Amino acid sequence: MSKSDSDSESTFDYIVIGGGTAGALMCNRLTRQAQKRTLLIEAGRRDDYHWIHIPVGYLYCIGNPRTDWLYNTEPNPGLNGRALRYPRGKTLGGSSSINGMIYMRGQARDYDQWAALTGDDAWRWSEVLPAFKKHEDHYLGADEMHGAGGEWRVEKQRLRWDILDAFALAAQEAGIPHSSDFNRGSNEGVGYFQVNQKNGWRWNTAKAFLRPVCYGRPNFEMWTNAQVTRLIVETQADGSQRCTGVEVWDGRDMVTAHATQEVVLCGGAIGSPQILQLSGIGPAELSRQHGIPVVADLPGVGANLQDHLQIRAVFKIEGAPTLNVLASSLLGKAKIGLEYALKRTGPMSMAPSQLGAFTRSSPEHEWPNLEYHVQPLSLDAFGDPLHAFPAFTASVCNLNPTSRGTVRIKSARFGDAPAIAPNYLSTAEDRQVAADSLRVTRRIVAQPALAQYKPEEWKPGLQYQTDEELARLAGDIATTIFHPVGTAKMGADHDPMAVLDSHLRVRDGKGGLIAGLRVVDASAMPTITSGNTNSPTLMMAERAAEWIVRGD
């Protein structure tokens, strides 16, 4: 961590907490104002670990203290008492440094719903589409739905698999149309995902938004290995409250940084509610329980946690190569490494999931409510060894879960991880979708296009057939797909659980706002998007940066 000792040099116009997905873009935009000084505070290290940048390196970044916060959930009743590993990026680039690299906006209806919930048309699909395009650099160039020349590179994948091509054909035989682009407002269909890569390398937000320009701007300062312990909120002469800075632990000392204009909290769906609660902004009873002075009684801080729970069905096959087989020998691993070294192609260039599909769990659903991530491999969980037999995995998740969880601090100590309780499968609706989704998977796999590979359901197993059996089975094998959102949601003035207004400014619990404080990350989403959440978070940061620069 580099910092200045004098009060004048520790005062900035803007302080951005978290150098992840939202924070990196935010710093890029704010530092365009040459006369404004911006400080970025990141709890993790720089993104100079080589496995961050090799696409398959997520296998070595998840569960690694170098790049992961190493969270775990509380035991979950809906998962039959199981607790899950809960990866979150702890490095520059945040979770964009360890995620699946899938570029996915969701569905137009997601944003129209946000507009209805907040009472602000600024969140409608027609209004957010320009923000998506503003930072996009799509490999096919610009059109009415995509941008070119921006910082966020979007490319097609650099490999295909026979078994995945066959699954795509089987999905079409089952009534799911082909799609070449999931990002045009309706993502229904089956096709290969587009990814955030550049020439075979992972393209994280640190490379996209920080490294090219921010590091060379004299009005930008960055502290790494520096953890914010609390926000400083002062009461003004008129009785209102203002966030004026932060306290930071640099590994040796507690230091203070001051902001004259705004503190922008970009700590993510776990980190942001934790920092708010440690600062006395959250449920008053929680603050009092841990001896923290109450700054703002906001019961919604840490509530409304939503996530995509994936049910991983594994099928043994014959007659097609899969990664299980290719990576099972030293010679196979050497060939994979050589192909990547020479061409930046092959299995080392692949995202965790290559093929996607969006469809309905049952006919009464008006919109696709399921997402598939299909992989030419199988393992018990990411980080575990590949299975010894050829297989593919068809992971399916409920895009619009009705279950809601919580993130709550366990103590007043900033170094203690919060209690994360997603409450998966806690509603009858979610349990029904789980059961129905496994039936959809079986229907696809039973189509003629896959018959030549003789797929055999290895997990969960055809002995499970009833709704009750399949829902209980989902509790045994399902796991997170790493999309937590909603824990500091924006909402309308009349919503008692809304932490933020529609411009992502923090409420004071008394009908006003805490001046100079915003939350800009996935925690601000009122409802989860119908797909992967990384790029929607970037869009939110793009919108917020516009408002901050304008003074809105």
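Read-outs: derived from the displayed coordinates by stated rules, not from any lab. Source: prediction; values computed, not measured. Cβ placement follows ideal geometry from the backbone for every residue including glycine, while neighbour counts extend to all protein chains displayed.
Observations
- Placing +1 on each Lys and Arg Cβ and -1 on each Asp and Glu Cβ, with no other charges, gives the chain a dipole about its Cα centre of roughly 1320 debye.
- Long-range tail of P(r) for the stretch 316-433 (Cα pairs > 16 Å, %): 73 percent
- Global geometry of the stretch 52-108, whether rounded, prolate or oblate, following the gyration tensor of its Cα atoms and the 1.5 cut on a/c: oblate
- For the chain, the residue among S378, Y111, G291 whose Cα projects farthest onto the positive side of the dipole built from Cβ charges is S378.
- Site pair D495 and A451 shows an inter-label distance of 5.0 nm when each label is modelled 7 Å from Cα along Cα→Cβ.
- Additional length obtainable on full extension of the chain from L140 to N199, 0.36 nm per residue less Cα span: 19.8 nm
- The convex hull built on the alpha-carbon positions of the stretch 394-483 has an orientation-averaged projected area of 7.6 nm².
- Rounded FRET efficiency, nearest 0.05, which uses the C-beta distance separating T466 from E127 and R0 of 35 Å: 0.20
- Approximating the spin labels as points 7 Å out from Cα along Cα→Cβ, the D48-to-D250 distance works out to 1.8 nm.
- Kirkwood Rh, angstrom, the chain [1 / mean 1/r, Cα pairs]: 23.7 Å
- Whole-percent pair-distance distribution, where bins are 5 Å wide, for the alpha carbons of the stretch 22-134: 2, 10, 13, 13, 14, 17, 17, 10, 3, 1, 0, 0
- For the stretch 459-552, the equivalent ellipsoid derived from the alpha-carbon gyration tensor has semi-axes of 38, 16, 9 Å in decreasing order.
- Both radii are taken from the alpha-carbon atoms of the stretch 181-225; with Rh as the Kirkwood radius, Rg/Rh is 1.20.
- Computed [θ] at 222 nm, deg cm²/dmol, the chain (DSSP H ≥ 4; -39,500 (n - 2.57); rounded to nearest 500): -7000 deg cm²/dmol
- Antiparallel DSSP beta bridges within the chain, as percent of all bridges there, nearest 5: 65 percent
- Here is the list for the stretch 94-188: GluC sites (Glu not before Pro) lying in DSSP coil, each with at most 11 other C-beta atoms within 10 angstrom of its C-beta, are E144.
- In a fully extended conformation the segment linking L342 and R82 would gain 89.3 nm over its present Cα-Cα distance, using 0.36 nm per residue.
- Extending 7 Å from Cα along the Cβ direction at R160 and again at S329 yields two label points whose distance is 2.7 nm.
- Added length on full extension, which subtracts the Cα-Cα distance from 0.36 nm per residue, A412 to S240: 59.4 nm
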